[in-house]
Amino acid sequence: MTYKFKHFIAILFMAAISSLANAQTKIAFEVSFTEPQAHYVDVEMEVSGLKKDQVDIKMPVWAPGSYLIREFAKNVESFTAKNAKGESLPLEKINKNTWRVNTQKNGKVKINYRVYAFEISVRTSFVDASHAFLSPTGIFMYVDGMINNPATVTINPHKSWSKISTGLETVKSKSNTFYAENFDILFDSPIEVGNQDVFEFNASGVRHEVAMVGGGNYDKSRLKKDMAKIVEEETAIFGVNPNKHYVFIVHHYSSGGGGLEHLNSTVLGASRLGYTNENTYKNFLGLVAHEYFHLWNVKRLRPVALGPFDYDSENYTSNLWIAEGFTAYYDNLVVRRADFHTAGKYLNALEGDINLVENQPGTRIQSLSESSFDAWIKGYRPNENSRNTTISYYNKGALVAMVLDLAILNSTKGSKRLDDVMKAMYEEYFVKKGRGYTDAEFKAMAEKIGGISLNSIYDKYVNGTVPIDYQTYLSYAGLKIVDEGNAATDPFLGASATLKDGKLIVNNVVRGSAAWDSGLNVNDEVIAIDGYRVNELDKTVASKKVGDNTKIQVSRDGALLELQARITRNPAKKYRIMQAENASAEQISIRNKWLNLKDENVMGSK
Ligand SMILES: [Zn+2]
């Protein structure tokens, strides 16, 4: 390379840098724990290379993957800003999560603040004397307008802690220091600091690290083998595993569950002593399958509204039924494919999902797309009427995934399935176009692969509230579904109540039931039915007959009332899935493909 040419390149390089004024700004965090027993995280944020008179420092209001405004700034205290000499800079808080700092033309600004971290969940931070879990959206602030800048994080563990687990890249030259290419990556990389038990396994060419926090009766060698199987089954769906390194942070509690997905890591909640119980163990594997599937579905293949994120307010999408519902469909299916469940067990779980959706009155009120869009105000903020007015995009989304899977298997005579749609969507929108998909684009891809119109499925089951025609779709796989609840004649009031301080308090009234029509309210104290004191509502209702006119005495805010209710038969659906007697060879071959069966008669115990 000649000198002249090098010089030319240097000029080009300088021009590129000055056109990106922010690119010179360096952001470095240092996190310490001076009082972990009181649940505090001490954060220092050094911003250097600034060329602005003022900067707005902001804390996100939500954690991607969990669709609720959580107001993380509520846990922040003692916010200060100083120049390199340690002199205080003027600052003003301009709204709930923004601190405006007057830089006084200083290129380097040092921000300090403390975060109170005492909320146990997979999406909130928690610190005590034993460990620190840093959920990044509630710990790290960003400079407004510099979300695409890189950042480094140095962790100074408390002296009694020895390990750090995170999906962030390590900075080799500085100990306990990590690097994020931008704030989307930083905010997507939780950090566990403490004395966790760490083990590793390799699967699909990826090094997986498992950080077990809070004890537990797990069997490492079994987990390594079983988790690797899940990784391999899921990688096979998408054909590629985009990570080199993936971290599972598992928090153990006396009773725990739930998880939150990230780009190359996940945080799971588990029951400390649940590993020796087969059901609890399989549920844990299902959770692993769920969160791991998300590394493709939602973290990379995503609805267009879910990235780049706005950390300042709600990010609305009508597609959580794909992002979460399809992931919920695949978690069970992958557990089946990996042979942790028999096909019969898988169908049992499916029955459970169908019964849950069909017995919730809200399923006839709220569509899947509405459920997705309103997650922020409804799904994540349930109240006493939620069952009557909403439906989960997890449960019903999984059932629509099943409908699409079976419709595509049927229309392509078993040559294509939902896997092919997910893989093609991943390649087209994440890999090729580098953006999220719209609702219409997802539908178009599924129609292209299935070679069928999905207008009716979308109109009825996605954007409408029409009951799913399970029989039609299950028949493609030589199965039938019957409602054993149809024949039930047990009496039904349509209310539930629990004892509180010796009082029987109503906590749910079912839409359209006798209790609903009678005017029974949530929070009413049930005193007597037909003149007799009631201690257990269910038992008393069970002693009645369908058609009985009953008098319910209640106390409502201290006032005595008598309500009239006419007992009905229990309308609950009790669906069971069975093999159809006269299934054709084609139907059986679709069933075998769908349920990963080698022999039509080996459905396993049901
Ligand atoms: Zn999920």
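For region 260-274, the candidate set comprises residues that are touching a residue at least 60 places away in the same chain (Cβ under 8 Å) and touching a strand residue (DSSP E or B) at 6+ places or on another chain (Cβ under 6 Å); within that set, the residue that is farthest from the ligand (Cβ to nearest atom) is ASN264.
Could you say whether any residue in region 409-416 is open to solvent by less than 10 Å² (accessible area, probe 1.4 Å) and either touching a helix residue (DSSP H, G or I) at 6+ places or on another chain (Cβ under 8 Å) or within 16 Å of the ligand (Cβ to nearest atom) (or both)?
Looking through region 409-416, at least one residue is open to solvent by less than 10 Å² (accessible area, probe 1.4 Å) and either touching a helix residue (DSSP H, G or I) at 6+ places or on another chain (Cβ under 8 Å) or within 16 Å of the ligand (Cβ to nearest atom) (or both).
Only one of the numbered conditions (1) crowded, with 21+ Cβ neighbours inside 10 Å; (2) within 18 Å of ILE237 (Cβ to Cβ) is not met by VAL403, and that is (2).
In region 198-205 there is at least one residue that is surrounded by fewer than 19 Cβ atoms within 10 Å (Cβ to Cβ), in a loop (DSSP other than H, G, I, E, B) and outside the structural domain of SER130 (by TED's automatic domain parsing).
Taken over region 380-398, the criterion of being open to solvent by less than 50 Å² (accessible area, probe 1.4 Å) and either within 16 Å of the ligand (Cβ to nearest atom) or more than 17 Å from THR465 (Cα to Cα) (or both) is satisfied by SER392, TYR393, ASN395, LYS396, GLY397, ALA398. Of all residues in region 275-310, those being open to solvent by 10 Å² or more (accessible area, probe 1.4 Å) and more than 16 Å from the ligand (Cβ to nearest atom) number 12. Being assigned to a strand (DSSP E or B), in contact (Cβ under 8 Å) with a residue 24 or more places away in the chain, farther than 19 Å from ASP42 by Cα and away from the ligand (no atom under 16 Å from the Cβ) is the filter here, so list the residues in region 65-100 that pass it. Matches in region 65-100: ILE94, ARG100. A single member of SER313, SER371, SER318 is over 27 Å from HIS251 (Cα atoms), within 15 Å of the ligand (Cβ to nearest atom) and of a type in the set (Ser, Thr, Tyr), and it is SER371. Test VAL357 against the stated conditions and say whether it is farther than 16 Å from GLU233 by Cα, open to solvent by 10 Å² or more (accessible area, probe 1.4 Å) and β-branched (Val, Ile, Thr). For VAL357, the condition - farther than 16 Å from GLU233 by Cα, open to solvent by 10 Å² or more (accessible area, probe 1.4 Å) and β-branched (Val, Ile, Thr) - is not met. Filtered by the rule that a residue be surrounded by 18 or more Cβ atoms within 10 Å (Cβ to Cβ) and part of a loop (DSSP other than H, G, I, E, B), region 360-377 gives GLN360, GLN366, SER367, ASP374, ALA375. Residue check: LEU333 meets all listed conditions (1) touching a residue at least 40 places away in the same chain (Cβ under 8 Å); (2) away from the ligand (no atom under 13 Å from the Cβ); (3) crowded, with 19+ Cβ neighbours inside 10 Å but one, namely (1).
Inspection of region 261-276 identifies no residue that is touching a Phe, Trp or Tyr at 6+ places or on another chain (Cβ under 6 Å), over 18 Å from ALA211 (Cβ atoms) and either acidic (Asp, Glu) or at pLDDT 95 or above (or both). Taking residues in region 242-259 that are free of Cβ contacts under 8 Å to residues at least 24 places away in the same chain, and partners anywhere that are part of a loop (DSSP other than H, G, I, E, B) and away from the ligand (no atom under 16 Å from the Cβ), the pairs with Cβ atoms closer than 7 Å and at least 6 places apart or on different chains are SER254/ARG272. Taking region 440-464 as the range and being open to solvent by 70 Å² or more (accessible area, probe 1.4 Å) and either β-branched (Val, Ile, Thr) or within 17 Å of GLN366 (Cβ to Cβ) (or both) as the test, the residues that pass are ASP459, LYS460, ASN463.
Exactly one residue among LEU186, LEU91 is open to solvent by 60 Å² or more (accessible area, probe 1.4 Å), aliphatic (A, V, I, L, M) and touching a Phe, Trp or Tyr at 6+ places or on another chain (Cβ under 7 Å), and that residue is LEU91. Taking the conditions (1) out of contact with any Leu (no Cβ under 6 Å at 6 or more places or on another chain); (2) buried (at least 18 other Cβ atoms within 10 Å of the Cβ); (3) of a type in the set (Gly, Ala, Ser) in turn, SER48 satisfies each one other than (2).
The values are calculated or read from the model by the stated rules, or taken from the named source; none is laboratory data. Just so we're clear, the structure is a prediction, and the values are computed from it rather than from any experiment. Counting neighbours? That spans all protein chains shown, and the Cβs are built from the backbone with ideal geometry, glycine included. The accessibility values were calculated without ligands, DNA or RNA, using every heavy atom of the protein model including side chains. Shrake-Rupley method; radii C 1.70, N 1.55, O 1.52, S 1.80 Å.
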